[in-house]
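Please treat every number below as a calculation from the coordinates, not as lab data. Fair warning: this is a prediction, and the values are worked out from it, not measured in the lab. Reconstructed Cβ throughout: ideal geometry from the backbone, glycine too, with neighbour counts over all protein chains shown.
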Amino acid sequence: MLIEVSGLEKIFPAPFFSRAAPLRALTGVTLAVGPGVLGFEGPNGSGKTTLFKVLAGILETDGGTIAVDGQAAGSARLRALAAFCPPNPRSFYYRLSALENLRFFGALAGISPAQAVERARELGARLALAPADLERRFDRLSEGNMQKVSLVRAFSRRAPLLLLDEPFHGLDEKACAGLIALIAETGRSSTVLLSSHSRALLAAAADKTFRLEAGRLA
Amino acid sequence: MSPARVILAFIRKDFLAESSYRLSFSLGALATLANLAVFYFIGRLFGANLAPQLEAFGTDYFGYVFAALAFFGYIGTGAGSYAGRLREEQTQGTLEATLSTPLGVFPLLAAMSAWNFLFATFELAIYAVAGIFIFKLDFPTANWPAAALVFFLSAACFAALGVLSACFVMLFKRGNPMAWVLNNFEGLLGGVYFPVTVLPAWLAAVSNLLPVTYAVRAFQLALNKGAGVAEIKGDLLVLTAFDILLIPASIWLFGLAVARARKAGTLGEY
């Protein structure tokens, strides 16, 4: 699958009745990516998360085009193609177990309960997430284990486009190694984009790294 | 993706989350009974005398308010639950994750409040059991098919109002004028606690603008007076008109509200 992004713009409007100026988060981002692993680095606020959310179809663009295999792709098509792992775990139901969360979000992506459980166990093992932690209530997990569950949710979609925003955040050494191996494996058939502030981890996981600065590719 | 599977997933998730607060779960059912008891004793205070305004419905005060509370308790679920659920998803941070999947607006709406409707059905059963076995109520003349038709039309209408209310939550998070009207005026002006004929003319005119007025009146007449479809056709037509207008409008506007939130980048905000 070839994803072509051209002149991408994203401007966040100022809140109603505020005197603040709109925030220009992406300015003319252009890139073309196929299967493989691409890294993104850049300072805080440079637009990495915004770019990933636009490519995941979570945000609508304000300009520019996104095409998948030569066909213009709107946000609904991107949501069907992409899986996004957010940079923090505040996107789960804290009163439910990790496994119940994965069953729920799996159902929204068309994954059967049995498949969701099977993939959770398989991917959990790759990321050094103990089976007991999958059964534990989400709010009783450590931050690192929450991050692993978030990664399992994204990988279990088996999406052609995988967007991992700060995927190494909070992970121990063993889990980082497992994640790097999983990313490499996934990148053979899918497009994997990942962001990190660690150049060493980006170098270990990505074939090539782009730098974003003030919403532009440097 | 099967919509039925999505609905089941939401029901399972909400059941697990709600039942994890065990005390609140049990107290909810108990509160329903306590609420009914208040009106039972008010009814006993005034005896079995028929107030002139209740003559049209052929029942005493408790019979009237029991039917209205059971009915409004269910249809009111649609009015309140969409905005409530959406707000919960915003504050938990799960809204953006839910809407980052291929889930469309219509399946989301169908699934989001499914648990609330299921729980409201359970509460309705509590009302029925309490009405029969504790309060010894009987509805010998009830026209159940007509009552069911009113119930269906009203539930759809209130669900549409609830979806409109959810649009405000999607856009403004807090500060929901639709919920404010529904919470504060439907009970007062809709004939839930007393027939609207008690109201002065100018307030009765306002109550005629609200679907709840037609819903409660038609339901009371079908249940307590055995009125058939022909006798309540005026109320049924008004409810149908509200449905035809509100259901497509609410779904369309909710879709626009989601698109606006995607554009403004506020799906993850609370």
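For (1) within 13 Å of A:K148 (Cα to Cα); (2) surrounded by fewer than 23 Cβ atoms within 10 Å (Cβ to Cβ); (3) not β-branched (V, I, T), each residue gets a yes or a no:
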| position | (1), (2), (3) |
| --- | --- |
| A:P87 | yes, yes, yes |
| A:F105 | no, no, yes |
| A:E118 | no, yes, yes |
| A:L127 | yes, no, yes |
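Test B:Y270 against the stated conditions and say whether it is surrounded by fewer than 17 Cβ atoms within 10 Å (Cβ to Cβ) and of a type in the set (S, T, Y).
On the way: surrounded by fewer than 17 Cβ atoms within 10 Å (Cβ to Cβ): yes; of a type in the set (S, T, Y): yes.
Yes.
Residues of region A:17-53 being in contact with a helix residue (DSSP H, G or I) (Cβ under 8 Å, 6 or more places away or on another chain) and within 14 Å of chain B (Cβ to nearest Cβ), which ones?
Initial filter on region A:17-53 (in contact with a helix residue (DSSP H, G or I) (Cβ under 8 Å, 6 or more places away or on another chain)): A:25-26, A:29, A:37, A:39-42.
Within region A:17-53, A:A25, A:L26 meet the criteria.
For region A:97-215, please list each of the strands (runs of 3 or more DSSP E) lying entirely inside it that holds at least 3 residues being within 14 Å of chain B (Cβ to nearest Cβ). Please lay out each step first, then the result.
Values: elements: A:161-165, A:191-195, A:208-213.
Fully inside region A:97-215 and qualifying: A:161-165.
If you scan region B:223-242, which residues turn out to be crowded, with 20+ Cβ neighbours inside 10 Å and not hydrophobic (A, V, I, L, M, F, W, C)?
B:N224, B:D235
Could you list, in sequence order, all residues of region B:132-144 that are under 21 Å from B:A56 (Cβ atoms) and either not acidic (D, E) or not in a loop (DSSP other than H, G, I, E, B) (or both)?
Across region B:132-144, the qualifying residues are B:L137, B:F139, B:P140, B:T141, B:A142, B:N143, B:W144.
Restricting to region B:1-13, and then to whatever is in contact with a helix residue (DSSP H, G or I) (Cβ under 6 Å, 6 or more places away or on another chain) and more than 9 Å from chain A (Cβ to nearest Cβ), can you tell me which residue is nearest to A:E135 (Cα to Cα)?
From region B:1-13, those in contact with a helix residue (DSSP H, G or I) (Cβ under 6 Å, 6 or more places away or on another chain) are B:3, B:5-7, B:9-11, B:13; that's our starting set.
Next, from what is left, pick out any that are more than 9 Å from chain A (Cβ to nearest Cβ): B:3, B:7, B:11.
Working: B:P3: 26, B:I7: 23, B:I11: 19 Å.
Residue satisfying both the conditions and the ranking: B:I11.
Results for (1) under 30 Å from A:T50 (Cα atoms); (2) basic (K, R); (3) under 18 Å from the mean Cα position of the chain (by Cα), shown as yes or no for each residue.
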site	(1), (2), (3)
B:M1	yes, no, no
B:F15	no, no, no
B:L23	no, no, no
B:A34	no, no, no
B:Q53	no, no, no
B:D60	no, no, no
B:L69	no, no, yes
B:Y74	no, no, yes
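Looking at (1) free of Cβ contacts under 8 Å to residues at least 24 places away in the same chain; (2) of a type in the set (A, V, I, L, M, F, W, C); (3) more than 12 Å from chain A (Cβ to nearest Cβ); (4) closer than 26 Å to B:M112 by Cβ, can you tell me which one B:F71 breaks?
Unmet condition: (1).
Please tell me if B:I132 is under 29 Å from B:D235 (Cα atoms), crowded, with 17+ Cβ neighbours inside 10 Å and among the aliphatic types (A, V, I, L, M).
Answer is no for this residue.
Can you pull out every residue in region A:54-84 that is at the interface with chain B (Cβ under 9 Å from one of its Cβ atoms), of a type in the set (A, V, I, L, M, F, W, C) and in a loop (DSSP other than H, G, I, E, B)?
Within region A:54-84, A:A56, A:I58, A:L59 qualify.
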